[in-house]
1. Considering 136, 140, 128, which residue is within 17 Å of residue 214 (Cβ to Cβ), outside any loop (DSSP other than H, G, I, E, B) and at pLDDT 80 or above?
2. Count, please, the residues in the range 42-68 that happen to be surrounded by fewer than 18 Cβ atoms within 10 Å (Cβ to Cβ) and of a type in the set (A, V, I, L, M, F, W, C).
3. Counting residues that are at pLDDT 85 or above and not hydrophobic (A, V, I, L, M, F, W, C), which helices (runs of 4 or more DSSP H) fully inside the range 273-367 reach at least 1?
4. List the number of the failed condition for residue 95; all other conditions in (1) β-branched (Val, Ile, Thr); (2) more than 29 Å from residue 53 (Cβ to Cβ); (3) assigned to a helix (DSSP H, G or I) hold.
5. Taking residue 178 as the residue in question, decide whether it is surrounded by 18 or more Cβ atoms within 10 Å (Cβ to Cβ), closer than 24 Å to residue 40 by Cβ and not aromatic (Phe, Trp, Tyr).
6. When you check residue 403 against the structure, is it at pLDDT below 70, part of a helix (DSSP H, G or I), outside the structural domain of residue 314 (by TED's automatic domain parsing) and surrounded by 17 or more Cβ atoms within 10 Å (Cβ to Cβ), yes or no?
7. Does the range 95-114 contain any residue that is farther than 21 Å from residue 187 by Cα and among the basic types (Lys, Arg)?
8. Can you pull out every residue in the range 223-235 that is out of contact with any Asp or Glu (no Cβ under 9 Å at 6 or more places or on another chain), at pLDDT 80 or above and crowded, with 18+ Cβ neighbours inside 10 Å?
Amino acid sequence: MNSLRLALIVVVALMGFHVHAAGSEDEQARTVVHMLDYVSVDYPEFVKDGQVLDTAEYAEQLEFAQQVIIILEQLPKVDGGPDLVAHARTLHERISEKGDGVDISALAKALRGEVIMVYRVAVAPRQAPDLATAAALYSAHCASCHGATGHGDGPQAEGMEPAPRNFHDADAMAVRSPFGLYNTITLGVAGTQMLPYSGLSEDERWALAFHSAGMLATPEELKRGEKLWKEGVGKEQFTNLSALVSATPEEVEQQHGAERAAVLAFLIANPAAVQQAAPSPLTVSRKRLDEALEAYRNGDPATARRLSISAYLEGFELVEAALDNVDAPLRKRTEREMMTLRSQIGSGVPSDSVAASIARIHVLLDRADDQLSGDGLTTTAAFISSLLILLREGLEAILVLAAIIAFVLKTGRRDALPYIHAGWIGAVLLGVATWLLARYMINISGADREVTEGVTALLAAAMLLYVGYWLHNKSNTKAWQRFVKDKVNAALSKRTLWALAGISFLAVYRELFEIILFYETLFSQAGPSGQQAVLGGIGAAVILLAIIGGAILKYSVRLPIGPFFAITAALLALMAVVFAGNGVAAMQEAGVFDASFVHFISIPVLGIHPTVQGLLTQGAVLALVIGVGIWGRIRMARTEAV
């Protein structure tokens, strides 16, 4: 029996299969992860095409799978997490059936990932390991057995059974990740000379793991990997240390090719290169949430609430558009859980409740990471995401612009066109300037962005109501004829002209900065190979928006004057309701307004969000529109009677 695998069974037996204290949960979860590592790597070697090649080794695989079930049954369940025990039983059943090695390996890896996610097993160092320190640690603790150069030929290696690991054995090291090596260093191998190095700090153990994993690479491979990394290869995959330490050379080469394997070798030898890159949005969310929990436990709810808002606005919101296209329910649930967390902090609930809420959000963020991970987005996914971002965010603006341009064309008031064009052109220029400031000069927070969006949306709603009311009063033929007679030689009133310019500005500016941020994130997720698809999606969205705007212009100006004014007024009133709902939602996301969730449909494109505050605001605007409409009809009826 392989001593390393036997050690795992011995460790589990010594544990007695019981959780004695909360502090042991991490150790047991780590043991499960370690066992699943070995199943995923070793099972395919001993069972091929349904035939057992080594009876003893196969029996050990079954034993591992059974012990995983036993430990998971006794670990505490996490609300909202996957059914780990059920998945472990599926793994055991498939091993009992002598299932295909590739399938068993995939099941074990998937379960390993779920255990890491649910129990927050530390699978990455807090910071890039100091490899200069690692060399000294290796000489002091490892060289006597593994040899000064890692060939397993140290002065104490003679006669050892099993022999010390040869870190230059390409076949053996190709299936080992830095995390797997870290586990071996941490847990040791019972019954062998490989003892647990619990006396070393966590940072020191990670440094040793990276040092050992990096011995296999040649100088030529490291140089090649560095060149590829600087060219952008792998940056969409190795976004953080967690992604780096869980990767094995064999997996990376099989899935992404030899170039990516060279990048992995370079990063293992130079882990600081990963941290020098900007953190992914979901990494920002996780960090802010952990900081919020610490602040709340320290009796600082104001800071905790600010950090929880930042976790959403500076992190998760930036990937919402992409996630919406692959798993909309997950996006909605994560968004709702993060808003609920803010409400809990504001209500002063016990810290354990806040910790539980943050744990649920971490699970959801990990699922989102899985959905968005991989070798960048596929070309199709990048194109669709790009198309929908601009189409969804730009639809409101194009509807408003098309409607008011159709109005001035229909009425022959072309003198208003410069105001309208000045409004949206000014919005574009200011949006670009805002982006440049945020990127290169000052830090514009997500909260500031949402407040800006919320205020502009609410102002736009008020202006739309004003212009819609004005148009409604002109929808009666006699009223329009009197207006033309009175104004035939004059431009529209200055107040109306500036209202049209203001709507044009606000309708565009409120969307533009958010669109830019979404596309920055999307370009990063798509990677170099998918950027053409993103640009193609932008082009397709521009064409569709132009068609929509052109159709409104073409068909609306053909309507008789009365129906034209009535339809345009109705469209602007609808957009006022939409803007009001989205404005309140933006203010809630920024933490300015509270959010009380109710069971109701969610249709963001119509500004409908399932919160009491948003629905009441939209209801009030809708009631105002209906009331003004009824009052206007009564006035027109009286005018007709005269």
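1. Working: 140 fails: within 17 Å of residue 214 (Cβ to Cβ); 128 fails: outside any loop (DSSP other than H, G, I, E, B).
136 is the lone residue from the list that is within 17 Å of residue 214 (Cβ to Cβ), outside any loop (DSSP other than H, G, I, E, B) and at pLDDT 80 or above.
2. Of the residues in the range 42-68, 5 are surrounded by fewer than 18 Cβ atoms within 10 Å (Cβ to Cβ) and of a type in the set (A, V, I, L, M, F, W, C).
3. On the way: elements: 281-297, 301-311, 317-326, 328-347.
Result: 281-297, 301-311, 328-347.
4. All conditions are met except number (2).
5. Working: surrounded by 18 or more Cβ atoms within 10 Å (Cβ to Cβ): yes; closer than 24 Å to residue 40 by Cβ: yes; not aromatic (Phe, Trp, Tyr): yes.
Answer is yes for this residue.
6. Details: at pLDDT below 70: no; part of a helix (DSSP H, G or I): yes; outside the structural domain of residue 314 (by TED's automatic domain parsing): yes; surrounded by 17 or more Cβ atoms within 10 Å (Cβ to Cβ): yes.
No.
7. First pass over the range 95-114, keeping only residues farther than 21 Å from residue 187 by Cα: 95-107, 110.
Among the residues that remain, those that are also among the basic types (Lys, Arg) are: 98.
Checked the range 95-114: at least one residue is farther than 21 Å from residue 187 by Cα and among the basic types (Lys, Arg).
8. 226, 229
The values are calculated or read from the model by the stated rules, or taken from the named source; none is laboratory data. Fair warning: this is a prediction, and the values are worked out from it, not measured in the lab. Positions of Cβ are generated from backbone atoms using ideal geometry, with glycine treated the same way; all protein chains shown enter the neighbour counts.
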